[in-house]
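S.K.: Can you read through this structure? Questions will come right after.
Taken together, the values in this text are just the output of simple stated rules run on the coordinates, not laboratory data. Predicted model, so just to flag it, every value in this text is computed and none were measured. Virtual Cβ from ideal backbone geometry, glycine too; neighbours counted across all protein chains shown.
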Amino acid sequence: MTQNRLFGIIDIGSNSVRLVLYEDAGHGIHRIVEENKKTIRLINKVAKDGSLPLDQLDELIKTLLYFRSLCEAHQTDFIRAVATAAIRNATNSEDVVASLLEKTGLAISIADDEDEARFGFIGVMNAMAIPDGFLIDIGGGSSEITLFRDRQIVNSVSFPFGAVNTSKRFTPNGVTDEASLRDIRVMAETLFEQEPWLRQHPGLPMIGLGGTVRTLAKLTQKRSGYSLPLTHQYRIPLITVHETIDLLATMTLAQKLKVDGLNADRADILVPGLVLLQTALMHTGASTCIVSGTGLREGVYYETSCPEQPLVTDVLDHSIRILLHNAGVETTAHVDQVHRLSLQLFDGLQGYHRLGSSARSSLYAASRLFRIGTSVNYYTFPQHTFYWMTHARLNGLEHREIVLAALIAAHTGKKKSRRAYLAHQDLLTETDLSTAIALGTLLQLATALDAGRQSLVRDIQIHTSDGAPMMELLCSGNPEAELEEAGRLSDDFRKTWGFSLRFSVSE
């Protein structure tokens with residue numbers, strides 16, 4: 001059995017410094033043991049000559065020593081500290097790194113523009129199944145925009161503006177007006193125009209990472225009473241960016257501090273950051289902004305854990321394996337069999353349900369995770385499964401697909417499914433509920449067809465006989481228990497699918 005390793009990843013940003021401790025089980029399977037953040041605003045300590053005075057590093061040194069002590073307390077195997085724009089662009093960056101090494105014992109590596117774009121790209125691609133789009137990472141002292149096609153970087157650029165230094169330059173008192181908003185847009189637009197490729201791919205989504213975009217998501221979800229407690233993969237239309245800027249721009253700093261969901265350490269810099277995002281969305285002609293909960297730190301982790309192949313090949317499968325690992329649930333032959341039979345039934349009945357790849361992806365996740373709730377309580381595991389799937393981050397699915405998958409996995413009857421659905425009517429329709437019930441019933445049938453836990457059903461072939469489906473079970477033994485268990489579902493299945501269960505058995 002492979003011994004788990006503990007990695008400490010420290011991200012020294014222009015606004016904040018973060019530590020994430022990853023317990024790594026191999027192949028990028030991990031759980032976060034601890035995370036810590038200190039807002040230092042290193043970019044504000046840069047002198048007029050472009051240097052970062054060594055006597056201004058005390059707060060950073062104190063934070064790094066604290067983070068190092070946390071790593072030592074957890075007996076971390078490896079610590080990797082990466083610095084971005086504030087230190088990278090300092091005219092005395094080598095002296096800064098040397099001083100930090102002397103004072104903290106930590107070797108700081110400086111991520112150049114290409115490194116920073118690559119780390120962010122890996123962190124996002126391993127958590128989103130999106131083939132083409134833009135990435136925008138609005139940091140404290142710089143912003144990176146990356147174009148990717150077929151999950152490969154095509155172009156990337158780093159701009160010398162972020163939420164903190166833009167705020168310091170244009171809104172030093174934390175208050176915005178029409179003139180300052182206009183000046184920020186002109187500044188960003190002028191630099192965007194120097195990169196012609198930014199305008200050449202209208203209609204692609206723009207994935208946003210960093211505190212500005214995450215805060216926007218939290219504010220938007222608070223205002224709308226959003227039912228899913230997840231920001232990762234949340235979609236924000238451009239109109240919402242406009243409305244949020246209009247709402248906050250006229251507020252005083254004291255008023256902003258009272259806004260639900262807006263942290264004090266971001267209240268004075270959020271609007272300038274949002275204007276940068278707004279300008280980028282409009283300049284590129286992006287179709288929507290998709291929030292990423294992952295970025296540079298995750299990219300550094302994957303490059304450290306899997307240096308030969310940091311990019312995962314199947315985002316949804318990888319996320320499911322992480323979720324099972326974190327729940328302490330081992331995949332069994334029974335779950336594998338139910339998963340296989342569920343997809344066979346879905347594919348074989350395509351002509352009857354006519355559902356697309358999105359529904360199949362939800363069933364794929366549901367049939368892998370339907371027993372994850374047993375890690376809490378066997379007797380009530382369906383409701384715990386629903387909670388796991390809607391509260392843990394399930395990468396590779398849209399929010400609607402996540403709730404659909406949870407309804408399928410936890411389905412034990414129409415009434416209970418409807419009660420769970422009612423809490424998520426902002427994401428699902430009545431048609432979605434019908435889909436969840438139909439596929440939940442299909443998952444129950446697949447479970448029944450392995451009642452003896454012997455994986456007797458090798459294959460299911462569905463034929464049309466007398467105008468209705470006939471399910472031919474190709475078996476390696478007598479499926480008496482399986483047929484008996486399936487028979488108990490016959491009434492519910494007929495009411496849901498509109499036809500009766502009929503089986504033939506062959507070896």
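S.K.: Show me the GluC sites (Glu not before Pro) within the stretch 103-205 that DSSP assigns to loop and that have at most 16 other Cβ atoms within 10 Å of their Cβ.
M.R.: On the way: sites: GLU114, GLU116, GLU144, GLU178, GLU189, GLU193; in loops: GLU193.
Here the sparse-neighbourhood loop sites are GLU193.
S.K.: Which entry in [x] 65, 45, 43; [y] 83, 51, 41; [z] 78, 55, 43 is this structure's computed Cα extents along the principal axes in Å?
M.R.: From the options [x] 65, 45, 43; [y] 83, 51, 41; [z] 78, 55, 43, the structure gives [y].
S.K.: Looking at the chain, send over the antiparallel percent of its DSSP beta bridges, to the nearest 5.
M.R.: Numbers: 41 of 61 bridges.
Of all bridge pairs located within the chain, approximately 65 percent are antiparallel.
S.K.: Report, in whole Å, the centroid distance computed from the Cα atoms of the stretch 44-112 and the stretch 254-287.
M.R.: Each part reduced to its Cα centre gives a spacing of 27 Å.
S.K.: Under a crude label model (7 Å from the Cα following the beta-carbon direction), how far is GLN56 from ARG393 in nanometres?
M.R.: Once both label points are built, they end up 3.2 nm from each other.
S.K.: To two decimal places, what compactness ratio does the stretch 69-200 give when its Cα radius of gyration is scaled by 2.2 N^0.38 Å?
M.R.: Values: Rg = 17.8 Å, N = 132, 2.2 N^0.38 = 14.1 Å.
Taking the Cα Rg and dividing by 2.2 N^0.38 Å, one obtains 1.27.
S.K.: May I ask you to evaluate 6.51 cos²θ - 1.76 cosθ + 1.60, the Karplus curve with θ = phi - 60°, for each residue of the stretch 306-316 and list the ³J(HN,Hα) values in order in whole Hz, giving x for glycine and proline?
M.R.: Going residue by residue, I get 10, x, 7, 8, x, 8, 7, 8, 9, 4, 5 Hz, with x marking Gly and Pro.
S.K.: Then there's this: Which distance in nm do the two modelled labels at VAL186 and ARG354 give, with both placed 7 Å along the Cα-to-Cβ direction?
M.R.: For VAL186 paired with ARG354, the spin-label model returns 5.7 nm.
S.K.: A follow-up question, please. Residues of the stretch 402-425 with backbone nitrogen within less than 17 Å of a virtual label 7 Å along the Cα-to-Cβ line of PHE499, please, listed as ranges.
M.R.: Zone members listed by number: none at all.
S.K.: Now a separate question. Any chance you could give the angle, 0 to 90 degrees and rounded to 10, that helix 430-448 forms with the longest Cα principal axis of the chain?
M.R.: For helix 430-448, the angle is close to 60 degrees.
S.K.: Follow-up question, since we're still on this one. Please report TYR352, TYR302 as a ranked list, fewest other C-beta atoms within 10 angstrom at the top and most at the bottom.
M.R.: Numbers: TYR352 15, TYR302 24.
Sorted ascending by nearby Cβ count, the order is TYR352, TYR302.
S.K.: Would you mind computing, in nm to one decimal, how far apart the modelled labels at SER490 and ARG223 are, each placed 7 Å from Cα along Cα→Cβ?
M.R.: 5.6
S.K.: Between their Cα atoms, which of LYS37/LYS222; LYS48/LYS222; LYS218/LYS495; LYS37/LYS416; LYS48/LYS103; LYS103/LYS222 are more than 31 Å away from each other? Show your work: numbers first, answer last.
M.R.: Values: LYS37/LYS222 23 Å; LYS48/LYS222 40 Å; LYS218/LYS495 41 Å; LYS37/LYS416 41 Å; LYS48/LYS103 25 Å; LYS103/LYS222 42 Å.
The answer is LYS48/LYS222; LYS218/LYS495; LYS37/LYS416; LYS103/LYS222.
S.K.: Obtain the radius of gyration and the Kirkwood radius of the stretch 315-506 from its C-alpha atoms and give Rg over Rh.
M.R.: Working: Rg = 15.9 Å, Rh = 16.7 Å.
Ratio value, two decimals: 0.95.
S.K.: Just the Cα atoms of the stretch 128-293: what Rg and Dmax do they give in Å?
M.R.: Rg then Dmax for the stretch 128-293, in Å: 15.1, 45.
S.K.: Could you please rank TRP197, TRP497, TRP388, placing first whichever residue has the fewest other Cβ atoms within 10 Å of its Cβ? Can you show the working numbers first?
M.R.: Values: TRP197 13, TRP497 19, TRP388 24.
If I rank by nearby Cβ atoms, fewest first, I get TRP197, TRP497, TRP388.
S.K.: What percent do you get for the relative contact order of the stretch 315-506 when only Cα pairs under 8 Å and 6+ apart count?
M.R.: Values: 273 pairs, mean separation 37.6, N = 192.
Computed value for the stretch 315-506: 20 percent relative contact order.
S.K.: Between VAL505 and residues 5 or more places away or on another chain, which pairs have amide H atoms under 5 Å apart, with H built 1.01 Å from N, and which residues are they?
M.R.: Amide H neighbours of VAL505, under 5 Å, 5+ apart: LEU473.
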